[in-house]
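Coordinate-derived values only; no laboratory data. Predicted, not measured: the structure shown is a model, and the values here were computed from it. Here the Cβ positions follow ideal geometry from the backbone for every residue, glycine too, while neighbour counts run over all protein chains shown.
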């Protein structure tokens, strides 16, 4: 890649594609991405408007009905995360490597995955802190594949009791939890193989009413043990917005190297705490 041929918009778009393909906790379908809007700077605010539930009345003949106003609530999502990458490739190193300028493109792709990892940890932490206290299963010890599958069922019941829609439910599990599920015929038979064609964003299958995703970024559980928090929910519970705000390329002033740097702006917020359920899981 020659600096003279560098197109910032193309690189920014490619980085966003890389992010979207690799995000787990902040992936489309796990969080709501509808309110991203125009993010131009750190500290920008995205406005989320929700409508209050209508009142259901009883109709009595020859009696006037009550007509109420449509009330809305404005919730703000603050773009409060600002992360960057910056690297250089020396002309000598580029000359000695295969494909020359492709080194810069490959390094930018890796930067996208690293940005993903940091953003995912941030969103996972917000979900862990934002889940309704009544939706938390404390210190669940799993000793068998059946225990793992049954816990998914229990999380589904918690969401059912909070009137969370069945469609689009997800759960993010750890590799160890996934290992237990793979030993349970209910998981393998009902969704593991069926989901094999769509394995992206950590997606590993479907079972117990959930699309199951796998991540190493599961937050630590709130208990005193070494548990990890298995979080389930639906996309309406958390909102996430991001933007690759700026990508630049330049020649190094004191040297012979190409420099590429980029800025990733994002923010997330749990907008429906009862739309999430979680379990502090220890696997024996």
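Peptide packing: for 211-223, 78-90, the average count of neighbouring Cβ atoms within 10 Å per residue gives the ranking 211-223, 78-90, highest mean first.
A protection proxy built from the mean count of other Cβ atoms within 10 Å ranks the segments 22-32, 172-182, 130-140, most packed first, as 22-32, 172-182, 130-140. Label positions at residue 138 and residue 65, each projected 7 Å from the Cα along the C-beta direction, are separated by 4.7 nm. The listed peptides 225-237, 106-118, ordered by packing as a protection proxy, come out as 225-237, 106-118 (highest mean of other Cβ atoms within 10 Å first).
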